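Everything below concerns the one structure shown next.
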Amino acid sequence: MPDSEMYMKLQPMLANMVPDVELRYKAELAEEINRLKVERNAVILGHNYMEPALYHSIPDYVGDSLYLARMAAETDKDIIIFCGVKFMAETAKILNPTRTVLLPAEKAGCSLAESISAHDVRELKAHFPGVPVVTYVNTYADVKAESDICCTSGNAVAVVESLDSETVIFLPDEYLAGNVARETGRHIIFPTTGSKSLQFETDLDYQMVGWRGRCEVHEKFTVEDINTVREQFPDVVILAHPECSPEVVAASDFSGSTTAMIHNVENSDAPHFLLLTECSMGDNIIAANPHKPMLRLCMVRCPHMKQITLEDTLKSLQLTQYKIEVPEEIRLKALQAVERMIAIG
Ligand code: SF4
């Protein structure tokens with residue numbers, strides 16, 4: 001039997017990463033998904049952290065959460081399949097409520113989204129009345145609904161600077177907040193732990209109020225990792241996602257969203273690159289740019305993103321599962337916060 005078109009497309013990119021038997025099987029799955037996608041009038045959105053065979057075969061659009069949210073808002077397809085995690089699929093539903101939005105895995109969560117509840121945000125607002133709330137898009141719809149404006153890792157500084165307020169509440173990523181505080185020259189305070197109710201040292205000088213949520217992937221990178229790599233490869237260019245700690249970001253050469261990191265690698269002739277982010281993104285860049293000298297530091301993969309597989313995406317299309325629903329009252333409030341962010345860019 002001749003090799004399938006999809007296998008011929010994937011093989012040159014992924015032969016060094018995916019065993020041949022597995023690649024043939026995945027190519028077959030991808031062809032069936034693409035056939036069914038047309039039949040069901042669906043669009044597939046794929047986040048940069050998807051595994052390489054999926055990333056390079058079935059999405060109509062790939063990118064970071066802001067770009068994919070824009071594509072979700074614009075689509076006229078009946079079904080949006082979100083190959084990402086639940087908060088991203090919720091954002092698609094918030095922006096395009098008349099479409100059926102499907103997440104291929106029921107439990108594709110996120111440690112950041114789970115670190116904070118709508119009740120926590122209400123408590124913070126009661127503690128700091130009138131202070132605007134900026135919420136990272138990596139949160140669930142009910143948390144967005146309690147917020148004034150959302151942000152992504154790519155526009156967080158611009159969003160904070162757009163607010164006519166000396167102080168802002170920035171939720172829930174402790175490290176992204178720390179990096180934004182550093183870049184905007186603000187002092188940040190966090191709730192003191194060990195107490196049932198929220199407590200803050202408000203006698204300190206502060207212009208930002210944070211929360212102790214963390215990305216369980218990016219928190220693992222350390223300055224020691226950077227030092228070890230620099231010792232072996234003094235000419236390496238290190239790119240860190242802003243969900244890494246402020247110390248790691250300060251010790252790196254560049255920090256930006258996943259899309260900004262990809263552009264940086266594609267437009268640079270550096271002799272070596274090291275990406276401090278979820279490892280599948282490095283795999284995807286290598287697959288698309290095999291001549292780029294990427295170093296690997298891949299002990300960290302996101303267990304939530306890894307829930308999304310080609311098998312489950314096929315089932316999602318066949319069985320119309322798992323449907324994302326957002327109560328209308330919450331959706332309308334969350335929509336305001338997301339639209340304000342999109343207006344900033
Ligand atoms: S990589 Fe981190 S922020 Fe992204 S989904 Fe996984 S846990 Fe959440």
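The residue of segment 286-310 that is farthest from residue 114 (Cα to Cα), among those that are of a type in the set (Val, Ile, Thr) and within 16 Å of the ligand (Cβ to nearest atom), is 309. Taken over segment 41-53, the residue count meeting the criterion of being crowded, with 24+ Cβ neighbours inside 10 Å and part of a helix (DSSP H, G or I) is 1.
For residue 38, the requirement of being of a type in the set (A, V, I, L, M), farther than 20 Å from residue 260 by Cα and assigned to a loop (DSSP other than H, G, I, E, B) is not met.
Can you tell me which residue in segment 315-345 is most open to solvent (accessible area, probe 1.4 Å), limited to those that are of a type in the set (Val, Ile, Thr) and more than 17 Å from residue 101 (Cβ to Cβ)? Walk me through how you get there before you give the answer.
Just the residues of segment 315-345 that are of a type in the set (Val, Ile, Thr), to begin with: 320, 324, 326, 330, 338, 342, 344.
Of the ones still in play, those that are also more than 17 Å from residue 101 (Cβ to Cβ) are 342, 344.
Values: 342: 46, 344: 65 Å².
For segment 315-345, the residue satisfying everything is 344.
Between 182, 212, the distinction of being open to solvent by 50 Å² or more (accessible area, probe 1.4 Å), at pLDDT 90 or above and within 16 Å of the ligand (Cβ to nearest atom) belongs to 212 only.
Is it true that some residue in segment 14-35 is in a loop (DSSP other than H, G, I, E, B), of a type in the set (S, T, N, Q), within 16 Å of the ligand (Cβ to nearest atom) and under 28 Å from residue 241 (Cα atoms)? Checked against the condition, which is being in a loop (DSSP other than H, G, I, E, B), of a type in the set (S, T, N, Q), within 16 Å of the ligand (Cβ to nearest atom) and under 28 Å from residue 241 (Cα atoms), segment 14-35 yields no hits at all.
So which residues in segment 269-287 are hydrophobic (A, V, I, L, M, F, W, C), in a helix (DSSP H, G or I) and open to solvent by 10 Å² or more (accessible area, probe 1.4 Å), if there are any at all? Write out each step before concluding.
Here is the first cut: in segment 269-287, the ones hydrophobic (A, V, I, L, M, F, W, C) are 270, 273-276, 279, 281, 285-287.
Those still in the list that are in a helix (DSSP H, G or I) too: 279, 281, 285-287.
Scanning segment 269-287 gives a single hit, 286.
With a requirement of 1 or more residues that are away from the ligand (no atom under 16 Å from the Cβ) and free of Cβ contacts under 8 Å to residues at least 40 places away in the same chain, the helices (runs of 4 or more DSSP H) lying completely within segment 94-170 that satisfy it span 118-127, 156-162.
Being buried (at least 17 other Cβ atoms within 10 Å of the Cβ), among the acidic types (Asp, Glu) and farther than 30 Å from residue 68 by Cα is the requirement here; does residue 235 meet it?
Numbers: buried (at least 17 other Cβ atoms within 10 Å of the Cβ): no; among the acidic types (Asp, Glu): yes; farther than 30 Å from residue 68 by Cα: yes.
Here the answer is no, as residue 235 does not meet what is asked.
If I filter segment 54-76 down to residues being farther than 30 Å from residue 11 by Cα and outside any helix (DSSP H, G or I), which single residue comes out as nearest to the chain's Cα centre (by Cα)? Looking at the filtered set, the residue picked out is 75.
The rows are residues; the columns are (1) of a type in the set (Val, Ile, Thr); (2) over 24 Å from residue 160 (Cα atoms).
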site: 214; (1), (2): no, no
site: 217; (1), (2): yes, yes
site: 224; (1), (2): no, yes
site: 235; (1), (2): no, yes
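Is it fair to say residue 105 is of a type outside the set (Lys, Arg) and closer than 27 Å to residue 14 by Cα?
The answer is yes for residue 105.
Restricting to segment 239-268, count the residues that are open to solvent by 10 Å² or more (accessible area, probe 1.4 Å) and in contact with a Lys or Arg (Cβ under 7 Å, 6 or more places away or on another chain). Here the count works out to 1.
The values are calculated or read from the model by the stated rules, or taken from the named source; none is laboratory data. These figures come from a predicted structure and were not determined experimentally. Positions of Cβ are backbone-derived with ideal geometry, glycine not excepted, and every protein chain shown enters the neighbour counts. Side chains are part of the model used for accessible areas, which takes the heavy atoms of the whole protein and leaves out ligands, DNA and RNA. Shrake-Rupley method; radii C 1.70, N 1.55, O 1.52, S 1.80 Å.
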